[in-house]
Amino acid sequence: MDKILLLCNDRWHPGQIPVDGTAPLTKKGFHIDVIQNANALSPELLTNYSLVLLSKSDEVSNNNHNSWKNLEIQNAFVDYVNEGGGLLAVHSGTVAGENTSLLDHLLGCRFLSHPEQSLVTVTPLKPHFITKGVEPFQEKDEHYLLEILQEDIDVLFASYSPAQGEEEKYETEPYFNSPALLTTSGYVRRFGEGRICVLTPGHNLSLWLNPSFQKILENAILWCTKKMM
């Protein structure tokens, strides 16, 4: 089984959530190493892994808010994916720093904003290996709005959350009847020999452990590591 490097833990996103959220995958045979302090990361280390699961903003750790995405590291990610590595960014992995444009454009997006946590509905949009076996699901989470930076993204998932203070409207006007309120919540793109997947849900452990999200994670890992077309 391919080795996966999980990068997690920042001021607003405790590392234990993605650690616990990926624990079911380890029971299926996925080998996952964890780095919660980005000072332990190096360009050379990336080459030991078939996939990087990025669930971390541009902060070294929860108590060190300095940037870790220096130019050397950003170039290392570009080279890593270009040469065939897989990159799966979840939730806070889309949060940019002041000088992270190189990595942001590699991912194809950057986080803009989110409302207060509320019920978020995620639904697959089209047939793809990553959407295979995935049912629409709902969990309380932060509903991310992205700035899309690349035109070649292939959008696989959209999400909806009710306007704040209008929760009752959600019961009578579901997300699929409100296209203006849909946002991109998952997509893929290719870069060089590598593959990239971006998923915006993932603030709360309950969402990580939702069976549909677990299936998305498993499928995304297999797709990004070229186990499936």
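Laboratory data are not the source of any read-out in this text; all were calculated from the coordinates shown. These numbers come from a predicted model, not from an experiment. All Cβ positions, glycine included, derive from the backbone under ideal geometry; neighbour counts span all protein chains shown.
Restricting to DSSP loop positions (anything but H, G, I, E, B) with no more than 10 other Cβ atoms inside 10 Å of their own Cβ, which trypsin sites (Lys or Arg not before Pro) remain in region 1-75?
LYS27, LYS28
Which value in deg cm²/dmol, rounded to the nearest 500, describes the helix-derived mean residue ellipticity at 222 nm for the chain, given -39,500 (n - 2.57) per DSSP H run of n ≥ 4 and division by the residue count?
Calculated at 222 nm, the ellipticity per residue is -7000 deg cm²/dmol.
In the structure shown, do any of LYS27/LYS140; LYS3/LYS140; LYS28/LYS132; LYS27/LYS227; LYS140/LYS227; LYS69/LYS132 have a Cα-Cα gap over 29 Å, and if so which?
The pairs that break the limit, which is 29 Å between Cα atoms, are LYS3/LYS140; LYS140/LYS227; LYS69/LYS132.
Order the peptides 13-23, 81-91 from the highest to the lowest mean number of other Cβ atoms within 10 Å of their residues.
81-91, 13-23
Any chance you could list P(r) for region 18-130, counting all Cα-Cα pairs in 5 angstrom bins from zero, rounded to whole %?
2, 9, 18, 23, 21, 15, 9, 3, 0
Under the rule a/c < 1.5 gives rounded, and otherwise a/b versus b/c splits prolate from oblate, where does region 82-171 land using the Cα gyration tensor?
Oblate shape, in that a/c is at least 1.5 and b/c is the bigger or equal ratio.
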